[in-house]
Amino acid sequence: MAKYLNEPLHGVIFDMDGTLFSSQLDFALIREQINCAHGDDILEFITRLDRDGQRHAEQVILNHELADAEQAVLLPQVAQSLARLHEAQIPMAIVTRNSEQATGIKMSRNPIPIELVLTRDDAPAKPDPSALLHIAERWQMSAQHLLYVGDYKYDIEAAHNANMRACLYAPHTIPDYATQADYVIRCFSELPALVKLC
């Protein structure tokens, strides 16, 4: 990806939970309730269950997501940064592993200038790049000129799988996988300048 770092960015795609909105999802509790081993990807685990097991696990996860959605708020400096990108006419979208229903609640309770949103109900979950590539095609832009911003390793992997640049949002501690990202920001207010400078 380094060969593209000096080229301009024409659009930004965001993860949702932990990036734009707060999230209090207790993944350890979810794993316990669906018997998913620690370290396993929960959504991948569900695909290996039988039909009844999948229904049960999906409902458990949805219940947690809906409860979390009712409490979610925008994270610091998100509203201001998105407003600046919107004013600069930078296309923006969201790709999340969350459900469509919970995502809709978060978006309705915390309005932001982003209309294009893809959830796990719309496309394979990250780190699969399908949703990111769909947005690039819809915008008629080269993936190399798009930035994906997220707070977890799946976000970095999804971006690189789509041949996009990856920006890790790490407001607290810097994780080991930060070295895989093209950019790391500690405060969301850094994002508009990053987009315009690239």
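The values are calculated or read from the model by the stated rules, or taken from the named source; none is laboratory data. Remember, it's a predicted structure, so these values are computed and weren't measured experimentally. Don't worry about glycine lacking a Cβ; one is built from the backbone with ideal geometry, like all the others, and counts go over all protein chains shown. Keep in mind that these areas ignore ligands, DNA and RNA; they rest on the heavy atoms of the full protein, side chains included. Shrake-Rupley method; radii C 1.70, N 1.55, O 1.52, S 1.80 Å.
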Query - Under 17 Å from the Cα of Lys196 - aspartates and glutamates, other chains or at least 8 residues apart - result: Glu7, Glu87, Asp182
Query raised in the report: Using modelled amide H (1.01 Å from N, peptide plane; none on Pro or chain starts), what sits under 5 Å from the amide H of Arg165, excluding residues fewer than 5 places away?
Result: Leu146, Tyr148
Report summary line: Rounded to 0.05, the calculated FRET efficiency for the beta carbons of Glu87 and Asn6 at R₀ = 35 Å is 0.90
Query raised in the report: Where Lys and Arg each count +1 and Asp and Glu each count -1, what net charge lies around Asp17 among other residues with Cβ under 11 Å from its Cβ?
Result: -3
Query raised in the report: What is the list of residues in the range 84-120 whose amide nitrogen lies under 20 Å from a point 7 angstrom out from the Cα of Glu70, following Cα to Cβ?
Result: 98-111
Query raised in the report: In whole Hz, what ³J(HN,Hα) sequence does the range 167-173 give by Karplus (6.51, -1.76, 1.60; θ = phi - 60°), x for Gly and Pro?
Result: 10, 8, 8, 10, x, 10, 9
Query raised in the report: Classify the range 1-79: rounded, prolate or oblate, from the alpha-carbon gyration tensor (a ≥ b ≥ c, eigenvalue square roots; a/c under 1.5 rounded; otherwise prolate if a/b is larger than b/c)?
Result: oblate
Query - Percent carbon-and-sulfur accessible area, the range 58-156, ignoring ligands, DNA and RNA, probe 1.4 Å - result: 47 percent
**Report entry** Environment charge at Leu85 (Cβ cut-off 14 Å; Lys +1, Arg +1, Asp -1, Glu -1)
**Finding:** -1
Query raised in the report: How much of Asp52 can a 1.4 Å solvent probe reach, expressed as accessible area in Å² and rounded to 10?
Result: 110 Å²
**Report entry** Accessible area of the chain divided out per residue, in Å², using a probe of 1.4 angstrom
**Finding:** 50 Å²
Query raised in the report: Using θ = phi - 60° and the Karplus curve 6.51 cos²θ - 1.76 cosθ + 1.60, what whole-Hz ³J(HN,Hα) does each residue of the range 35-52 get, with Gly and Pro shown as x?
Result: 6, 9, 5, 4, x, 6, 6, 4, 5, 5, 4, 4, 5, 8, 7, 6, 4, 5
Query raised in the report: How large is ³J(HN,Hα) for each residue in the range 53-69, as worked out from phi by the Karplus curve 6.51 cos²θ - 1.76 cosθ + 1.60 (θ = phi - 60°), to whole Hz, x for Gly and Pro?
Result: x, 5, 4, 4, 5, 4, 5, 4, 5, 4, 4, 5, 5, 5, 5, 5, 4
**Report entry** Ratio of Rg to Rh over the chain (Cα coordinates, Kirkwood Rh, two decimals)
**Finding:** 0.96
Requested in this report: Keeping every protein chain in place, order Arg48, Arg186, Arg165, Arg120 by accessible area at 1.4 Å, biggest value first, i.e. largest first.
Outcome: Arg48, Arg186, Arg120, Arg165
Query raised in the report: Taking only DSSP H segments of four or more residues, each worth -39500 (n - 2.57), what value at 222 nm results for the chain once the sum is divided by all its residues, to the nearest 500 deg cm²/dmol?
Result: -11500 deg cm²/dmol
Query raised in the report: Heavy-atom accessible area of Lys126 with all protein chains present, probe 1.4 Å, nearest 10 Å²?
Result: 10 Å²
